[in-house]
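Only the coordinates and a few stated rules stand behind these numbers; no lab work does. None of these values were measured; they are calculated from a predicted model. Cβ atoms come from the backbone with ideal geometry, glycine included; neighbour counts cover every protein chain shown.
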Amino acid sequence: MDRVIHFIISGEEPCEYTGVIKSQVLTIKEGAPTEDDLKLKLLVVTGDSTSLVEMFDGIKPPMTLVNKKLIQMKGSVIDSMSFSRLWDIQKKY
């Protein structure tokens, strides 16, 4: 799954991060994707920092946050679903 995931985070300290998954290696860097990054398929995840932390911590399921419009995922539906399952988190919900 070679992909680029661009996180646009709003809230008290807005920021952007780019995760590049290539050859089963994940690299995270601050800022928007580079031109080279954009040669891979792109998934853009936007939302406030609180909602994203709740998702990453397993407090709330990603699709619940998407359905409530607290986070948005722009890209293919398959990539969005795959992103939701990238990590094996002990579910708290």
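Please find, in a Gaussian network model of the chain (springs between Cα atoms separated by less than 10 Å), the residue of Leu70, Leu42, Leu26 whose mean-square fluctuation is greatest.
Top of the fluctuation ranking is Leu26.
Under a straight-distance cross-link criterion of Cα-Cα below 17 Å, which aspartates and glutamates are reachable from Lys60, leaving out those fewer than 8 residues away in the same chain?
Asp48, Asp88
Stick to Cα atoms and the Kirkwood definition of Rh, then tell me Rg/Rh for the chain.
Reported Rg/Rh (Cα atoms, Kirkwood Rh): 0.95.
Quick one: Cα convex hull volume of the range 44-84, Å³ per residue?
58
Please report the relative contact order for the chain, taking Cα pairs under 8 Å with a sequence separation of at least 6, and give it as a percent rounded to a whole number.
26
Which of the trypsin sites (Lys or Arg not before Pro) found in the range 25-74 are loop residues per DSSP with 15 or fewer other Cβ atoms within 10 Å of their Cβ?
Passing sites in the range 25-74 are Lys68, Lys69.
Could you identify which residue out of Val25, Val66, Val45 has the top mean-square fluctuation in a GNM of the chain using Cα springs shorter than 10 Å?
Val25
What number, rounded to the nearest 500 deg cm²/dmol, is the helix-based mean residue ellipticity at 222 nm of the chain, given -39500 (n - 2.57) per DSSP H run of at least four residues and division by all its residues?
My calculation for the chain gives -6000 deg cm²/dmol from helical runs alone.
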